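Peer 1: Below is the structure I would like to discuss, written out as structure tokens.
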Amino acid sequence: MELFDYSLFASAIRMVSPILLAALGGALCARVGIFNVGLEGLILAGAFSAIVGNYYSGSVIVAVLTGAFGGVLVSLLFGLATIKFKANPIVAGIAINFLVLGLTTFGLRAIFQVKGAFYDKDMNGLPKWDLPLIENIPVIGKLLYGHSPLVYMAFFAAILLYIFLFKTVVGFRILAVGKNEAAARSLGLKVTVLQYGAIVASGVLCGLAGTQLSLGQVTMFTEGMTAGRGFIALVAMMLGGSHPIGIIGSSLLFGLMDAMSIRLQGFSMPTQFTAMLPYVITIIAMFFLKDRGLESQASGQQSSR
Amino acid sequence: MTYRLEMKEMTKKYGDFLANDGISIQLKKGEVLAIVGENGAGKTTLMRMLYGLEQPTSGEIILNGKQAQFYGPQDAIEQGIGMVHQHFMLFSDFTVTENIVIGHEPMKNGFFNRKMAAEQVQKLSDQYKIQVDPSKKAGDCSVGEQQRIEILKVLYQGAEIIILDEPTAVLTPFEVEELLKTIRYLADQGKSIILITHKLPEVMKVADHVTVLRNGRVTGNVRKVDTSIDQLATMMVGRELQQLSERNQHNGEPLLELEAVSIKGKSSKPVLDQLSLTVHRGEIVGVAGVSGNGQSELIQAISGLISVDQGDIRLDGTKLMGKSVAFRRNVGLAHIPEDRYLWGAAKEATIEETGVMGYHNKKDFNKYSFILKSSFQEVVKTWIDRFEIKVKSLDDKSGNLSGGNLQKLIVARELGFETDFLIAAEPTRGVDIGAMEYIHEAILEKRNRGDGILLVSSELSEILLLSDRIAVMFEGKIVDVLDRQDATEERLSVLMAGGKEDESSTKNTTTA
């Protein structure tokens, strides 16, 4: 068995989608001046509600919708706390993470009467799409075909977000809110609406990230199954400078590490060590971050005079 | 001729406090109305009501003969009222064009048409003769340029009435001249301008009509041609201004000596370049210069806030190089810092804490390293009385004081311990005329007692009024030192622009 082969990169692409989706959601929040530490909680909420939707309807499409809806619901709570009640976003985000962890654990018992994990062999996972044409491209075809629709959607969302932020008027105004909220307000821009919009959109993206986690590779839900992916997404967002294209790059790095950590287990490396790989990379990535990511609102402003 | 805008009997109450008490103003088409008054006179409140940021308690606004109500800036903007804020509302990462069109972006199917925006901005810039570079980032523009962006933004939004809130506070003398020309030009084009200021010479240069406010009431409503600076000042302050006291003669010994002080800085040019300067006892040395030519670094080098690469700094013979800020303060250096929030006070600290800050190590004020509140409360109280600082209580947060009152508190603190030497950087920034008079008198008194003062100010009038000698800085060097009797505003302006005494070179070196 080799360390690097096509299937490693193919699985990297599969692994990257939850991180990419969540990081894009985080970037949207960052662009309106809200640092969303609650990504982890939003993903988990999405993962759980997707399973619930799947279990009751038996339909994958309904599952995807409920997954996104779960993310939105929790993100609204986060938005209410930070925008309406002006809570510190870091504190609110951490609270959201723990709240969702508790709620999903409770929900697991209340709805499915199980502890730890829920699995039902009758549930349908996300289908694998064999996109025509792509399959026939050498090298890339092997990497890109046979993924779940959400994988393709993640990359599509990144490009869409790029166009939205940097080419459209609404996107431009969103950027303005994040750069200087006071100035945006003085211009009569609808700051609050834009902020809620960004947070709800991040809820959708994180909900889809969760859906990919619980229905993409496996078809099950386990307590705390996000395992820090929300925080990795946060780092990917900062490393990518809250720029959709940058985030594709940084997320791919983390996806690859994720895939490698699994691959390395096949080389009789202790699981505990291989599982550390993504996090070691996270720490290394922090060295390169320095002043990237969130720009302070005060920057470039006149001083206090 | 009817009025374009009338505000009638505007009243605004905050609790029991009457910020505006029945204020009326009238504005015609093509007219420049100056609203003058000291800090807290109610100018800002009045304008905030006009711009929809505050709702009046009572009163009515009549725009083009019709009653109008503004629930937010959006309403005001839509009805042709634009405001250039004192603190610029710019996005420093965005281009000039983006900053101007934001909120009214030209679009095509929801997409932002940046090319068309740039063309529109260029056209507007040509039309009103307001020079900007549409593709530059706003953050890379000079302060004067940023203000021009703000004015263009307001014009782009279609404003017929333009409010300028203290527009000259941050400008260099040259930029002020340019701005006044622009204001006049806009008025000639049929725009109506409201100019909020407390600088009377500018009012006399540009206004058609002047409304004077004091304590929330109108105390004067005159045409420019019927009034004078003295009359306006009296209406503003409510009493006649006093002459500064006589300056006595000193032949003092050198107190502060700087020898060939250099700071390299990040760019290729040194921030301070072989700078030498002496301040004697009983002398005020003014430092004039366009901001950003090393004045800030000079102050920080003397007070110990940044390190100096080479040179020598001595205070009364004591070497200061490499010594801590605390050491320097202990040997007799007091410092009114240029940015009161950054270096002068802690916003979260109480007023009495701010009052003792920097002197908390004095023997009288602490025992076994516990601070003795009772010992300095009295001192702070006497300052508050003497400088007429408006405070609710000594336990109130410093950040709750208005800028002018906080400045007075810091000035009182730095003067209060009667050190031999004082750095006064922008000592009257943001304070009203009454307080300015008081601070100037206090600084002069200190000089007459035989102390040395280094005065750094962006207000040439302040430097000319107080200084015994004036050093002009340009690109980190002192280009010349003039004696009091030789200095005029014109000569200083030439030197500040980097020109030598021969006046021919002024034009091309003064960049905005």
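The values are calculated or read from the model by the stated rules, or taken from the named source; none is laboratory data. Worth saying up front: this structure is predicted, and the values here are computed from it rather than measured. Heads up, the Cβs are rebuilt from the backbone with ideal geometry, glycines too, and the neighbour counts pull from every protein chain shown. To get the accessible areas, we keep the full protein, side chains included, count just its heavy atoms, and leave off ligands, DNA and RNA. Shrake-Rupley method; radii C 1.70, N 1.55, O 1.52, S 1.80 Å.
Peer 1: Give just the number: which of (1) touching an Asp or Glu at 6+ places or on another chain (Cβ under 9 Å); (2) closer than 20 Å to B:Leu272 by Cα; (3) at pLDDT below 90 does B:Ala346 not satisfy?
Peer 2: (2)
Peer 1: Starting from residues that are at pLDDT below 90 and in contact with an Asp or Glu (Cβ under 6 Å, 6 or more places away or on another chain), keep the ones in segment A:138-176 and report whichever is surrounded by the most Cβ atoms within 10 Å (Cβ to Cβ).
Peer 2: Checked segment A:138-176; the qualifying residue surrounded by the most Cβ atoms within 10 Å (Cβ to Cβ) is A:Tyr145.
Peer 1: Please determine, by comparing only the residues of segment A:183-197 that are over 18 Å from B:Asp93 (Cα atoms), open to solvent by less than 20 Å² (accessible area, probe 1.4 Å) and modelled with pLDDT of 90 or more, which one is farthest from the other protein chains (Cβ to nearest Cβ).
Peer 2: A:Gln195
Peer 1: Which of the residues that make up segment B:191-243 are under 20 Å from the mean Cα position of the chain (by Cα) and polar (S, T, N, Q)?
Peer 2: B:Thr197 - this is the single residue of segment B:191-243 that is under 20 Å from the mean Cα position of the chain (by Cα) and polar (S, T, N, Q).
Peer 1: Within segment B:76-95, does at least one residue satisfy the condition of being in contact with a Lys or Arg (Cβ under 7 Å, 6 or more places away or on another chain), more than 9 Å from chain A (Cβ to nearest Cβ), closer than 24 Å to B:Asp165 by Cα and surrounded by fewer than 16 Cβ atoms within 10 Å (Cβ to Cβ)?
Peer 2: Checking segment B:76-95: not a single residue is in contact with a Lys or Arg (Cβ under 7 Å, 6 or more places away or on another chain), more than 9 Å from chain A (Cβ to nearest Cβ), closer than 24 Å to B:Asp165 by Cα and surrounded by fewer than 16 Cβ atoms within 10 Å (Cβ to Cβ).
Peer 1: Consider only pairs whose beta carbons are under 7 Å apart and that are at least six residues apart or on different chains; among these, list those whose first residue lies in segment B:353-380 and is touching a residue at least 24 places away in the same chain (Cβ under 8 Å) and whose second residue is of a type in the set (S, T, N, Q).
Peer 2: B:Thr354/B:Ser398
Peer 1: If you scan segment B:83-103, which residues turn out to be aliphatic (A, V, I, L, M) and within 16 Å of B:Gly144 (Cα to Cα)?
Peer 2: B:Val84, B:Met89, B:Leu90, B:Val96, B:Ile100 - these are the residues of segment B:83-103 that are aliphatic (A, V, I, L, M) and within 16 Å of B:Gly144 (Cα to Cα).
To keep it simple, each residue is scored yes or no on (1) free of Cβ contacts under 8 Å to residues at least 24 places away in the same chain; (2) at negative phi; (3) not acidic (Asp, Glu).
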| site | (1), (2), (3) |
| --- | --- |
| B:Pro427 | no, yes, yes |
| B:Asp432 | no, yes, no |
| B:Arg447 | no, yes, yes |
| B:Gly450 | no, no, yes |
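Peer 1: Of B:Glu54, B:Glu60, which residue is modelled with pLDDT of 90 or more and either within 28 Å of the chain's Cα centre (by Cα) or away from chain A (no Cβ under 11 Å) (or both)?
Peer 2: That would be B:Glu60, the only listed residue that is modelled with pLDDT of 90 or more and either within 28 Å of the chain's Cα centre (by Cα) or away from chain A (no Cβ under 11 Å) (or both).
Peer 1: Please go through segment B:435-489 and give me each residue that is open to solvent by 40 Å² or more (accessible area, probe 1.4 Å), closer than 23 Å to B:Asp316 by Cα and part of a loop (DSSP other than H, G, I, E, B), ordered by number.
Peer 2: B:Arg449
Peer 1: Here are A:Ile51, A:Ile19, A:Ile34: which of them is outside any helix (DSSP H, G or I) and open to solvent by less than 20 Å² (accessible area, probe 1.4 Å)?
Peer 2: Matching residue, one of A:Ile51, A:Ile19, A:Ile34: A:Ile34.
Peer 1: Go through segment A:86-120 and count every residue that is open to solvent by less than 40 Å² (accessible area, probe 1.4 Å) and hydroxyl-bearing (Ser, Thr, Tyr).
Peer 2: 2
Peer 1: To continue, here is another question. I'm trying to understand the selection: among the residues of segment B:13-51, which are over 20 Å from the mean Cα position of the chain (by Cα), under 17 Å from B:Arg214 (Cα atoms) and touching a residue at least 60 places away in the same chain (Cβ under 8 Å)?
Peer 2: Answer for segment B:13-51, where residues must be over 20 Å from the mean Cα position of the chain (by Cα), under 17 Å from B:Arg214 (Cα atoms) and touching a residue at least 60 places away in the same chain (Cβ under 8 Å): B:Leu18, B:Ala19, B:Asn20, B:Asp21, B:Gly22, B:Ile23, B:Ser24, B:Ile25, B:Leu33, B:Leu46.
Peer 1: Any chance segment B:449-471 includes a residue that's at pLDDT 90 or above, more than 30 Å from B:Glu38 (Cβ to Cβ) and out of contact with any Lys or Arg (no Cβ under 9 Å at 6 or more places or on another chain)?
Peer 2: Looking for residues that are at pLDDT 90 or above, more than 30 Å from B:Glu38 (Cβ to Cβ) and out of contact with any Lys or Arg (no Cβ under 9 Å at 6 or more places or on another chain), one finds at least one in segment B:449-471, hence yes.
Peer 1: Here is a further query. Quick one: how many residues across segment A:236-268 are of a type in the set (Phe, Trp, Tyr) and surrounded by fewer than 21 Cβ atoms within 10 Å (Cβ to Cβ)?
Peer 2: Adding up the residues that qualify gives 1.
Peer 1: Report, by residue number, each residue of segment B:395-406 that is within 21 Å of B:Met436 (Cα to Cα), open to solvent by 20 Å² or more (accessible area, probe 1.4 Å) and assigned to a loop (DSSP other than H, G, I, E, B).
Peer 2: B:Ser402
Peer 1: Can you find even one residue in segment B:66-73 that is without any contact (Cβ under 8 Å) to a residue 40 or more places away in the chain, away from chain A (no Cβ under 14 Å) and among the polar types (S, T, N, Q)?
Peer 2: yes
Peer 1: Continuing with this model, one more query. Can you work out which of the residues in segment B:422-437 that are farther than 23 Å from B:Leu232 by Cβ and among the small types (Gly, Ala, Ser) is nearest to the other protein chains (Cβ to nearest Cβ)?
Peer 2: B:Ala425
Peer 1: Which ones in segment B:417-431 are surrounded by 20 or more Cβ atoms within 10 Å (Cβ to Cβ) and modelled with pLDDT under 85?
Peer 2: B:Arg429, B:Gly430, B:Val431
Peer 1: Now, a different point. Output the residues belonging to segment B:102-128 that are more than 7 Å from chain A (Cβ to nearest Cβ) and under 28 Å from the mean Cα position of the chain (by Cα).
Peer 2: Residues satisfying the conditions are B:Ser125, B:Tyr128.
Peer 1: Filtering segment A:213-231 down to residues that are open to solvent by 10 Å² or more (accessible area, probe 1.4 Å) and part of a helix (DSSP H, G or I), which residue is nearest to the other protein chains (Cβ to nearest Cβ)?
Peer 2: If we take residues in segment A:213-231 being open to solvent by 10 Å² or more (accessible area, probe 1.4 Å) and part of a helix (DSSP H, G or I), then A:Phe231 is nearest to the other protein chains (Cβ to nearest Cβ).
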